[in-house]
Structures are given as structure tokens and as C-alpha cells.
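The values are calculated or read from the model by the stated rules, or taken from the named source; none is laboratory data. Source: prediction; values computed, not measured. Virtual Cβ from ideal backbone geometry, glycine too; neighbours counted across all protein chains shown. These accessible areas exclude ligands, DNA and RNA; they are computed on the full protein's heavy atoms, side chains included. Shrake-Rupley method; radii C 1.70, N 1.55, O 1.52, S 1.80 Å.
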Amino acid sequence: MLNPNLPARRVFIVGNNLLFEEGMAHLLTLGTGLDVSNIKYINDLAFLDMIGQSQPDVIVLNESTFIDSVHILELFSSIQLLLSLCIIIVRLGNNMVDVYKLPKNQISKGNIHERRQFTVTKRDDLIAIVHGEFTKDL
């Protein structure tokens, strides 16, 4: 159950597919306590500036867009301000999500911690992952 005393987790949905973005925002907004925003990837500099200013807790990417998820992970791993950021890459073709957590103590280029992979078939599973409740297998 959601703890009302905790601050809302800030979630950015990144992409260029309106159907994905709106659908994901709808799933993650209703009754979840999440603060969800859609953002557009224009270029690395603008993207990192927006992320740095807003400091989201979670970034959700659609693997099937033009955005190279490996490149995005490398960008994030080089930014000191993004400690403990959770990056979720959604693979729509097989209902899989890859969850990456940046290290909390030190960031070094290419050092992404705790890659977990889940099959998501229910909204509650996705919400639990976004809330960071993925210590148990879903």
C-alpha cells in the first residue's frame, strides 16, 4: 500500500510515440501517488539539462523508439547528479521491462548497477516496479 508520508516519486516518460507516452502516463497516474511527466528527447544536451534540472526518480523509455537505450544509459552513468536514478526500458514486443539502478555511492562511466528483468502483465506489477518495489520477483 502507498505511504502518504513519502514524497511522490517523479517519473519521466521519454519517447516520440504519443500512444506509448499517453498510455504509460495513464497507467502510472491514476491512484498511484506518482508524479508523471512526458518529455521529448531532442538531443543529448537538452535532455540531460532537463533531467538535471528536474531530478526525476524514474525514467521510463520505450525500447522500440529511435532513442538508443544503451547510449542513454551511458549518458546517465557519467552524470554525478543522477545518483540512485532508476531507468526502466519497456520492451512492448514481449511485455518485458529492464530495470537499471545507477549506483548510490559512486558513478563511473559504464557502471550501471542492479539490472533486473521482469515480465509485466498487470498494471500493479508495473506500478510496483516504478515505486522501486522490485526486491521480490514479480
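Select from the stretch 91-113 the residues that are charged (D, E, K, R) and at pLDDT below 65 and write down the one among them that is nearest to Ile13 (Cα to Cα).
Checking each candidate, the answer is Lys104.
Looking at Ile51, Ile39, which is the one that is free of Cβ contacts under 8 Å to residues at least 40 places away in the same chain and buried (at least 19 other Cβ atoms within 10 Å of the Cβ)?
Numbers: Ile39 fails: buried (at least 19 other Cβ atoms within 10 Å of the Cβ).
It is Ile51.
In this structure, does Asn62 turn out to be open to solvent by 70 Å² or more (accessible area, probe 1.4 Å) and at pLDDT 85 or above?
Numbers: open to solvent by 70 Å² or more (accessible area, probe 1.4 Å): no; at pLDDT 85 or above: yes.
No, not satisfied.
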